[in-house]
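Note sheet for the following structure.
Please treat every number below as a calculation from the coordinates, not as lab data. Note that this is a predicted model, so its numbers are computed, not measured. All Cβ positions, glycine included, derive from the backbone under ideal geometry; neighbour counts span all protein chains shown.
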């Protein structure tokens, strides 16, 4: 197998830079072809960076988010494909309002699945990454992204399904991203305390049950990628409407991150090749990867 290929499926532009970005940058550096597929345009995303909260930005949100995504893909060295569905937004309220008509989360499952199968059969990834059944967090587009990714992983290999979407291709492994780990926050928070500083994670940790140990319960695969953390942050900052450079995302010194938690974490959800857990590579067990 002369060329290995990785596909990362995400709901919105900026998700690719906050979930598994350093891993992708590492594999690009190792000669793997990496493609990010973004399912929606992120049109309904809030402007989370006060410096970008400008009338001219509000009026061009879709266009600006496309430009941001192009810049982030360039920084990470990945190929990129828009699947073309419309951001559902994050409904807030009790009860929450109905989702907007025509949005991604309301699409019949077979419609985005068909579209993603076409991209899978064209790119021919050996490994696909996406979100777990909770979406990483319960945004309707993230949950739908999980459903579509799992359905497409299975359907792409089946010649009976979506025959007009190209010749069947069998992805070998499917992973879920698990970047939001209590243990990582606790380790970094403890380092702030050790240096007599108030860390940024106290509120998160107070609300988070220590028994909800995703690292122990679900993580199967830890990828060494500390060398690429700065590249990850640069890609994240390229999404200027979404990312405030003064936010807590960037408050932890890089040296602490690289020393104390030099990995990104994944869960092997499906495999068509024999595996030995835990793993240190997404391509473990696949011929052609050493």
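Structure notes:
- Structural size metrics of segment 1-140, computed from C-alpha coordinates, are Rg and Dmax of 15.9, 53 Å.
- By the count of other C-beta atoms within 10 Å, a proxy for reagent exposure, 180, 85 are ordered fewest to most as 180, 85.
- Ordering of 264-271, 50-57 by packing [mean C-beta count within 10 Å, highest first]: 264-271, 50-57
- Put in order of Cβ neighbour count within 10 Å, fewest first, the listed residues 103, 225 become 103, 225.
- Anisotropy class of segment 52-108 from Cα gyration tensor, a/c 1.5 cut: oblate
- Cα centroid separation, segment 219-282 to segment 9-31: 9 Å.
- Label point of residue 255 set 7 angstrom out along Cα-Cβ; within segment 215-247, amide nitrogens under 19 Å from it belong to 226-231.
- Additional length obtainable on full extension of the chain from residue 158 to residue 71, 0.36 nm per residue less Cα span: 27.8 nm
- Peptides 37-48, 210-221, ordered by how many other C-beta atoms sit within 10 Å of their residues on average, highest first, read 37-48, 210-221.
- Value at 222 nm in deg cm²/dmol, rounded to 500, when DSSP H runs of n ≥ 4 in the chain each add -39,500 (n - 2.57): -10000 deg cm²/dmol
- In terms of other Cβ atoms within 10 Å, 80, 58 run from fewest to most in the order 58, 80.
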